[in-house]
Amino acid sequence: MSTAQPPSPAADPAPAADPAPDAEPTAAGPATAADRPADLAGIGVGPFNLSLAALAHGVPALRTAFYEQRPAFHWHPGLLIDGATVQVPFLADLVTLADPGSPWTFLQYLKAHERLFPFYVAERFHIERAEYDAYCRWVSQQLPGLHFDHRVDAVRWDHEYELFEIDFTRLGPTGAADAHPHAPATAGTDEEGRTLGRAYARNLVLGVGTEPYVPEPLRPLADAPNVPVLHSSDYLEHRERLLATGHVTVIGSGQSGAEVFLDLLRNRPLGAEGLHWLARTPAFAPMEYGKLGLEQFSPDYTRYFHTLSEPVRDQLLPRQWQLYKGIAHETLDAIHHELYRRALHSDGWPGAVLTPGVSVRTAGRIAAARLELHLEHIEQGTRARHTTEAVVLATGYRERRVDTLLAALDPYIRRDASERPRVDADHRLVLDPMIKGAVYVQNAERHTHGVGAPDLGLAAWRSATILNSLLAKPAYPLPSRTAFTAFGLQPSGRCGSVIGSPHLPDQRTPLNAGRN
């Protein structure tokens with residue numbers, strides 16, 4: 001469904017008004033405009049919450065607001081390497097797989113920028129990361145209800161008025177807390193003069209994303225000033241310095257590590273590459289791209305995974321690493337081609353070493369410009385010292401901690417045996433019934449929903465699922481079946497019956513039945 005017309009790409013929207021004032025509740029209830037709280041407030045504006053905001057824009061009756069501490073949308077800016085592509089097809093944009101007629105599709109973006117016919121001729125199914133980032137920024141710059149430069153500090157549940165209170169700080173141009181030019185007169189200030197605000201919402205959605213992960217042995221070096229040990233998320237910022245460094249080591253066996261290694265390899269001197277690529281995995285393995293394998297990124301598999309017991313899910317996830325931690329076939333081919341080309345045009349093997357099956361035990365500095373890594377080969381059981389001048393950690397990301405943000409709600413969050421939040425089939429945290437509102441999560445539920453949780457291909461479906469659960473009548477009808485594979489002998493939730501079997505009614509009670 002779609003009710004809005006495609007926006008003009010040249011539009012420079014004025015800042016949207018806050019959905020609720022920065023005021024305290026009065027005896028009669030939340031003051032002034034807080035009598036009209038947001039139906040859904042989002043914390044964080046990454047691709048997943050941007051998808052939710054875009055689909056919510058097609059539901060005029062739903063009041064939404066999204067808060068982001070950054071001044072504008074950016075998607076992994078340190079990894080927008082020239083030529084690097086998104087690992088999902090362009091149809092996995094913010095909205096298409098839930099609403100192909102939306103004004104916020106990637107094709108609408110191309111049309112607005114007069115690139116629809118060149119894209120058609122190019123016959124590209126996987127677009128460059130830089131173009132995906134530009135598309136998302138185009139949406140974020142015109143979609144109403146997004147509040148950048150707003151850092152959410154805390155959320156609480158007001159039992160009397162049955163609303164979430166959202167405390168935030170308005171940030172200035174430098175990212176520091178500062179007065180905001182559009183702050184309402186009712187905005188307060190603290191003892192340091194920072195502009196504070198409060199908004200109200202019936203429901204929340206957390207989309208705060210992930211943060212770079214640095215393995216314990218390398219944290220002292222990564223945290224030390226002026227030491228050339230950096231996470232791949234900052235690669236482009238340091239690229240020129242790395243290209244001028246005598247020897248660089250890349251650690252990590254996933255797509256980011258492969259892209260960084262390939263970019264350095266292509267741009268360093270022939271015969272003097274000075275590169276070493278290390279990985280814990282037993283091989284530099286390709287991503288699973290078999291069509292039936294990719295069905296594990298379908299809604300059907302997500303629903304199936306959610307019905308499994310906690311111990312089974314925890315055993316299954318580590319075995320699925322090649323579904324989301326492998327390397328694109330094209331990238332592996334490009335690396336081998338570049339290595340072969342360099343071997344062909346030099347007097348011997350290129351000065352690049354690729355070693356899988358290795359872990360870093362400890363690390364330290366041995367001179368002003370040299371680093372030493374103590375390595376262990378997992379299969380051989382051997383150890384060695386490795387010296388280098390710079391290290392790029394392509395070691396992935398971890399879910400961002402929200403302990404402080406949700407401290408006031410923590411007593412109401414139901415947890416599993418491993419103290420992780422329980423999440424129901426509609427991506428809601430399972431809360432104490434005293435909390436009447438819902439708290440949804442995006443990309444924080446891999447332990448309950450499987451490998452598809454961080455996958456861009458499921459963004460629109462998950463957003464539509466969240467919106468539908470808020471409404472008396474679904475705004476976005478979703479398919480009951482999305483894969484040819486039947487993942488179990490019994491139907492999983494709403495995914496229908498097993499192929500070749502009679503329909504068996506689902507007798508399970510949802511974890512959070514009856515809540516909005």
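The values are calculated or read from the model by the stated rules, or taken from the named source; none is laboratory data. Everything quoted here is computed from the prediction, not taken from an experiment. We place every Cβ from the backbone using ideal geometry, glycine too, and count neighbours over all the protein chains shown. With ligands, DNA and RNA removed, areas are computed over all heavy atoms of the protein, side chains included. Shrake-Rupley method; radii C 1.70, N 1.55, O 1.52, S 1.80 Å.
Output the number of residues of region 295-335 satisfying the condition of being under 26 Å from Gln490 (Cβ atoms) and buried (at least 17 other Cβ atoms within 10 Å of the Cβ). So that I can check it myself, show each step before the final result.
To start, the set of residues in region 295-335 that are under 26 Å from Gln490 (Cβ atoms) comprises 295-320, 323.
Subsequent filtering for residues that are buried (at least 17 other Cβ atoms within 10 Å of the Cβ) retains 296-308, 313, 323.
Number of matching residues: 15.
Find the residue count for region 450-495, including only residues that are touching a His at 6+ places or on another chain (Cβ under 8 Å) and among the β-branched types (Val, Ile, Thr).
Result for region 450-495: 2.
Go through Ala384, Ala352 for me and flag whichever is open to solvent by less than 30 Å² (accessible area, probe 1.4 Å) and touching a Leu at 6+ places or on another chain (Cβ under 9 Å). If you could, list the steps in order and put the result at the bottom.
Numbers: Ala384 fails: open to solvent by less than 30 Å² (accessible area, probe 1.4 Å).
The match here is Ala352.
If I ask for residues that are assigned to a strand (DSSP E or B) and in contact with a Pro (Cβ under 6 Å, 6 or more places away or on another chain), which ones from region 416-446 would you list? Give the derivation first.
So in region 416-446, the residues assigned to a strand (DSSP E or B) come out as 421, 423, 428-429, 431, 439-441.
Of everything in region 416-446, just one residue is assigned to a strand (DSSP E or B) and in contact with a Pro (Cβ under 6 Å, 6 or more places away or on another chain), namely Leu429.
Do we find a residue being open to solvent by 30 Å² or more (accessible area, probe 1.4 Å) and acidic (Asp, Glu) anywhere in region 237-255?
Yes, region 237-255 contains at least one residue that is open to solvent by 30 Å² or more (accessible area, probe 1.4 Å) and acidic (Asp, Glu).
Are any residues in region 60-72 touching a Pro at 6+ places or on another chain (Cβ under 9 Å) and either open to solvent by less than 40 Å² (accessible area, probe 1.4 Å) or outside any loop (DSSP other than H, G, I, E, B) (or both), and if so, which ones?
Matches in region 60-72: Thr64, Ala65.
Considering only residues that are part of a helix (DSSP H, G or I) and surrounded by fewer than 24 Cβ atoms within 10 Å (Cβ to Cβ), which ones fall in region 450-462?
Of everything in region 450-462, those that are part of a helix (DSSP H, G or I) and surrounded by fewer than 24 Cβ atoms within 10 Å (Cβ to Cβ) turn out to be Leu456, Gly457, Trp461.
Which of the residues belonging to region 232-272 are over 27 Å from Gly357 (Cβ atoms), out of contact with any Leu (no Cβ under 9 Å at 6 or more places or on another chain) and among the hydrophobic types (A, V, I, L, M, F, W, C)?
Correct list: Ala244, Leu270.
Among residues belonging to region 79-107 that are open to solvent by less than 10 Å² (accessible area, probe 1.4 Å) and outside any loop (DSSP other than H, G, I, E, B), point out the one that is nearest to Glu123 (Cα to Cα).
My answer is Phe106.
Taking only region 464-487 into account, find how many residues are out of contact with any Lys or Arg (no Cβ under 7 Å at 6 or more places or on another chain), exposed (fewer than 15 other Cβ atoms within 10 Å of the Cβ) and of a type in the set (Gly, Ala, Ser).
Of the residues in region 464-487, 1 are out of contact with any Lys or Arg (no Cβ under 7 Å at 6 or more places or on another chain), exposed (fewer than 15 other Cβ atoms within 10 Å of the Cβ) and of a type in the set (Gly, Ala, Ser).
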